[in-house]
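Shown next, in structure tokens, is the structure this report addresses.
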Amino acid sequence: MRGQRLDDLPDWSYLLQTCYQLYRFQPSGGSEPIRTHQRFVREALNRLIHANPPLQEVSLADKPVTAHLRRALDEGKRERHATLIRAIEAIHTRLHWQYGYEKVPRGLEKKFAYAQFCGPQGPIPAKEVILGIVLFAPGCVYPAHAHDGITESYLCLSGSVSENHQGVYAVGSMIFNPPAHTHRITVSQHQPALLLYAWLGEEERLERQQMVFIRKRKNQTCPFPIPP
Ligand SMILES: [Fe+2]
């Protein structure tokens, strides 16, 4: 990969193009903020594709949850985003899976991990947008968290999840989290879930993005503070 540009690496190039297409044709449900977010993501991806950057070397890293990746990809292939699933399959051995948190709550280290496709840390270097996948094991409860100054979307590619108990998002659904919006995710007991995520924000925010779980408060019925 050293010194090779995006155009020299068709697997990565197709992956980015497929993500661009998804953000171009994904419905917005009549929501102006979601439509604007989708447009900003695809415009950033379009600029990135045309810039044809040299890819960065990333160290390969695995996490226990990737034992569920095979199943998530197989299930996703039967669904509407099969093209993206196949594009992910083509590069899945070249990913750096990580937690992104200094302290991972006990038990969660086996239940989730994410891997970046493009962003400040590569492998496709990008300053305007971070794009990647997050994988959840069956039954995972991903604790409440928020992203300061970052607008986030999750697109469900395999399995199903719920966010803040406010709906069930199956394959093809998009979840939109504006900056600082606290969100907690639960995953089906029987299937893993694979989500594509996109982050937009100021360059410095994306560069220094930090994820911190929100601590449980004493005497609180609901284990995580969820905004109304
Ligand atoms: Fe999030």
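Could you tell me which residue of the range 98-123 is farthest from LEU55 (Cα to Cα), considering only residues that are buried (at least 22 other Cβ atoms within 10 Å of the Cβ) and among the hydrophobic types (A, V, I, L, M, F, W, C)?
PHE112
Answer with yes or no whether LEU131 is within 16 Å of the chain's Cα centre (by Cα) and farther than 17 Å from ARG184 by Cβ. Outline the logic, then answer.
Numbers: within 16 Å of the chain's Cα centre (by Cα): yes; farther than 17 Å from ARG184 by Cβ: yes.
Yes.
Quick one: in the range 177-228, of everything that is of a type in the set (A, V, I, L, M) and surrounded by fewer than 18 Cβ atoms within 10 Å (Cβ to Cβ), which residue is modelled with the lowest pLDDT?
That would be ILE226.
How about the range 8-48: which of its residues are acidic (Asp, Glu) and in contact with a Leu (Cβ under 9 Å, 6 or more places away or on another chain)?
ASP8, the sole residue that qualifies.
What are the residue pairs meeting all of these: first residue in the range 166-190, first residue free of Cβ contacts under 8 Å to residues at least 12 places away in the same chain, second residue of a type outside the set (S, T, N, Q) and within 14 Å of the ligand (Cβ to nearest atom), Cβ atoms under 8 Å, and 6 or more apart or on different chains?
VAL168/VAL161
So, in the range 165-210, of the ones that are hydroxyl-bearing (Ser, Thr, Tyr) and under 17 Å from GLY29 (Cβ atoms), which residue ends up farthest from the ligand (Cβ to nearest atom)?
Going residue by residue through the range 165-210, those that are hydroxyl-bearing (Ser, Thr, Tyr) are 169, 173, 182, 186, 188, 197.
Filter once more, so that each one left must be under 17 Å from GLY29 (Cβ atoms): 169, 173.
Details: TYR169: 13, SER173: 15 Å.
My answer is SER173.
If you scan the range 1-46, which residues turn out to be among the basic types (Lys, Arg) and assigned to a helix (DSSP H, G or I)?
ARG24, ARG35, ARG39, ARG42
Name the residues in the range 126-164 that are part of a strand (DSSP E or B), closer than 11 Å to LEU206 by Cα and within 10 Å of the ligand (Cβ to nearest atom), would you?
ILE150
If I ask for residues that are closer than 17 Å to PHE40 by Cβ and more than 16 Å from the chain's Cα centre (by Cα), which ones from the range 182-203 would you list?
Answer for the range 182-203, where residues must be closer than 17 Å to PHE40 by Cβ and more than 16 Å from the chain's Cα centre (by Cα): GLU202, GLU203.
Examine the range 62-84 for a residue that is touching a His at 6+ places or on another chain (Cβ under 7 Å) and either more than 15 Å from the ligand (Cβ to nearest atom) or at pLDDT 95 or above (or both), and state whether such a residue exists.
yes
Among the residues of the range 72-84, write down those that are outside any loop (DSSP other than H, G, I, E, B) and either surrounded by 21 or more Cβ atoms within 10 Å (Cβ to Cβ) or charged (D, E, K, R) (or both).
ALA72, ASP74, GLU75, GLY76, LYS77, LEU84
The values are calculated or read from the model by the stated rules, or taken from the named source; none is laboratory data. Predicted, not measured: the structure shown is a model, and the values here were computed from it. Cβ atoms come from the backbone with ideal geometry, glycine included; neighbour counts cover every protein chain shown.
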